[in-house]
Amino acid sequence: MKIATYNVNGINGRLEILLRWLKEDKPDVVCLQELKTENARFPGKEIDKAGYGAIWRGEKSWNGVAILARNALPVMTRRGLPGDPDDNHSRYMEAAVNGILIGCLYVPNGNPAPGPKFDYKLRWFRRLQEYARELLDLGVPALLVGDYNVMPTELDVYRPERWVNDALFRSEVRKAYADLVAQGWTDAVRHLHPDERIYTFWKYWRNSFERDAGLRIDHFLLSPAVVPWLRSATVRRKPRSWAHTSDHAPVMIELDLPRMEED
């Protein structure tokens, strides 16, 4: 089972890119972030023609998350992260696919920091930590997948000294991510590639992608039940090289699911 995350940076403006990648890589499940469109304008018909069922939570001009499943419709289990009924940002969606609970998330950017946006990011992280602990207590196979807007360590950022005061790399945010992982989650990419410099995002300017001056901010966190099934974790760099593409590349893991016992 191939599960991917992809911050598309505007799904309607980059629909052709998304459909091309789906056709080439054929992931079984995809978590999308930054749809940047309201619900009514989500391209559900085009995605259905590509062979994917979809659920989504849009937001005009900003944010937005979706979960796609090949030849299936994800079973929605949650819309929105609990803990703040006044937070209407479209940043979390959760679904069951093939017996696995998959949370698709888009953590706030938080810049400028310090400031109100950074405070909101830390509050959002605390809510995520609380809910993630509840998922672990259930003991079910679960993944928290998406754009975390955090580089966990210096290995995850080109020229880390330039990012010390940025909201994606400040010590408070890295600690929030580390505390989340410490609950019992496994960072899939680091689990399989502990010492490799791997990036998932490159800015558009100064030939960042060509120079590989990037950041690793798109992550897969696996519950203990899922870790034994993990076979690979790769950044699909090719779509990042296409014209008019997102500044993120898709990231994909492959799970070797156990066979269901027949009655």
Estimated inter-spin distance, ASP179 and ASP48, nm [label 7 Å along Cα→Cβ]: 4.4 nm
Let me check I have the definition right: for region 1-130, take the eigenvalues of the Cα gyration tensor, multiply each by 5, take square roots. What are those semi-axes in whole Å, largest first? 26, 17, 12
Shape of region 111-263, Cα gyration tensor, a/c cut at 1.5: oblate
Between the DSSP loop rule and a limit of at most 16 other Cβ atoms within 10 Å, which trypsin sites (Lys or Arg not before Pro) in region 33-91 are left? LYS60
Residue pairs, from the table LYS117/LYS175; LYS23/LYS45; LYS26/LYS49; LYS36/LYS117; LYS2/LYS36; LYS36/LYS203, whose Cα atoms sit over 21 Å apart: LYS2/LYS36
In whole Å, how far is the Cα centre of region 225-262 from that of region 82-102? 20 Å
May I ask you to sort ILE47, ILE11 by Cβ crowding, counting other Cβ atoms within 10 Å and putting the fewest first? ILE47, ILE11
With a cut-off of at most 14 other beta carbons within 10 Å, and DSSP calling the residue loop, which chymotrypsin sites (Phe, Trp or Tyr not before Pro) in region 156-230 qualify? Please list them. TYR204, TRP205
Just grab the label-to-label distance for LYS23 and LEU138, each label 7 Å out from Cα along the Cβ direction, in nm (one decimal). 3.6 nm
Identify which of the listed values of Cα extents along the principal axes in Å was calculated from the structure shown: (1) 63, 51, 37; (2) 56, 42, 40; (3) 64, 39, 33. (2)
Here, ALA225 and GLU210, labelled 7 Å along Cα→Cβ, have an inter-label distance in nm of 4.8 nm
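Taken together, the values in this text are just the output of simple stated rules run on the coordinates, not laboratory data. This structure is a prediction, so every number in the text was calculated from the model and none was measured. Heads up, the Cβs are rebuilt from the backbone with ideal geometry, glycines too, and the neighbour counts pull from every protein chain shown.
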